[in-house]
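Structure first, commentary second.
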Amino acid sequence: MPHIPIDSGEPGIRGLFAFRPETAGPLNALAETLLRGDNTLTRGERELIATYVSNLNECRFCTASHAAFAAAQLPGGMDLVDRVRAGTAGTEISPKLTALLAIAAAVQRSGREVTGDLVAAARAEGATDQEIHDTVLIAAAFCMFNRYVDGLATHAPDDPAGYAAAAERVVRYGYGHPAPQQAGHAG
């Protein structure tokens, strides 16, 4: 049960955005820039970073949403996303992405845990300064998004179909596009 009345019927962050639309615009713009803007990391890789951090934070809604968004944009689909979340992906992801996920995990624990060694390891695998920067910012932003969603005890649907439908919308239109009016919608 949410801590505040969310009359839109939308789950997770979508309900919070409907409750306070003036904050939704800037937060959607941040997500759009970080996860869909021009970058040498693919959209799927950036969504995977968001998923990984959300999973570490145990945020059910954000993990399920961004896992669906990543799966829709990665060749390995949900099977790969699940293996990354479980730490068993091995060589299925690049050494560079593995190093960037280590940086994201450090940010999730504390920004001060990002060490010169972690950054050097990412650079040694070919990560650029922008990729390192964006990984840190995605991880930090998702710590905020996760705490926003869980701090107000929003609803996280159990049905993966709702998250898959949200993924289709986000992949096609981006963040901030209105959701169809239906109960149980995710994303």
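The values are calculated or read from the model by the stated rules, or taken from the named source; none is laboratory data. Every value quoted in this text rests on a predicted model; they were computed, and no experiment measured them. When we count neighbours, we look across all protein chains shown, and the Cβ atoms used for this are built from the backbone with ideal geometry, even at glycine. These area figures cover heavy atoms from the full protein model, side chains too; ligands, DNA and RNA do not enter into them. Shrake-Rupley method; radii C 1.70, N 1.55, O 1.52, S 1.80 Å.
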| request: From Ala140, Ala127, Ala120, Ala104, grab the single residue that is part of a helix (DSSP H, G or I), crowded, with 18+ Cβ neighbours inside 10 Å, modelled with pLDDT of 95 or more and among the hydrophobic types (A, V, I, L, M, F, W, C). | output: Ala104
| query | If Phe69 passes every condition in (1) assigned to a loop (DSSP other than H, G, I, E, B); (2) touching a helix residue (DSSP H, G or I) at 6+ places or on another chain (Cβ under 7 Å) but one, which one does it miss? | reply | (1)
| note | When Thr88 is run through (1) in contact with a Gly (Cβ under 6 Å, 6 or more places away or on another chain); (2) assigned to a loop (DSSP other than H, G, I, E, B); (3) not aliphatic (A, V, I, L, M), the failure sits at (1)
| task | Report yes if Ser110 is open to solvent by 30 Å² or more (accessible area, probe 1.4 Å) and either within 18 Å of the chain's Cα centre (by Cα) or free of Cβ contacts under 8 Å to residues at least 24 places away in the same chain (or both), otherwise no. | result | yes
| task | Please tell me if Thr135 is under 21 Å from Glu58 (Cα atoms) and not in a helix (DSSP H, G or I). | result | no
| query | Among the residues of the range 31-57, which ones are without any contact (Cβ under 8 Å) to a residue 60 or more places away in the chain and acidic (Asp, Glu)? | reply | Asp38, Glu45, Glu47
| request: Considering only residues that are in a helix (DSSP H, G or I) and open to solvent by 60 Å² or more (accessible area, probe 1.4 Å), look in the range 17-66 and name the one that is nearest to Ile93 (Cα to Cα). | output: Arg43
| query | Out of all the residues in the range 3-11, is one or more in a helix (DSSP H, G or I) and either buried (at least 16 other Cβ atoms within 10 Å of the Cβ) or modelled with pLDDT of 95 or more (or both)? | reply | no
| task | Output the qualifying pairs, or none if there are none: Cβ atoms under 7 angstrom, residues six or more apart or on different chains, first residue in the range 83-107 and without any contact (Cβ under 8 Å) to a residue 12 or more places away in the chain, second residue among the acidic types (Asp, Glu) and open to solvent by 50 Å² or more (accessible area, probe 1.4 Å). | result | Arg83/Glu92
| request: Could you please find all residues in the range 146-180 being within 15 Å of Leu27 (Cβ to Cβ) and in a helix (DSSP H, G or I)? | output: Asn146, Arg147, Tyr148, Val149, Gly151, Val170
| remark: Of the conditions (1) under 29 Å from Pro21 (Cβ atoms); (2) more than 13 Å from the chain's Cα centre (by Cα); (3) of a type in the set (Asp, Glu), the single one that Asp129 does not satisfy is (1)
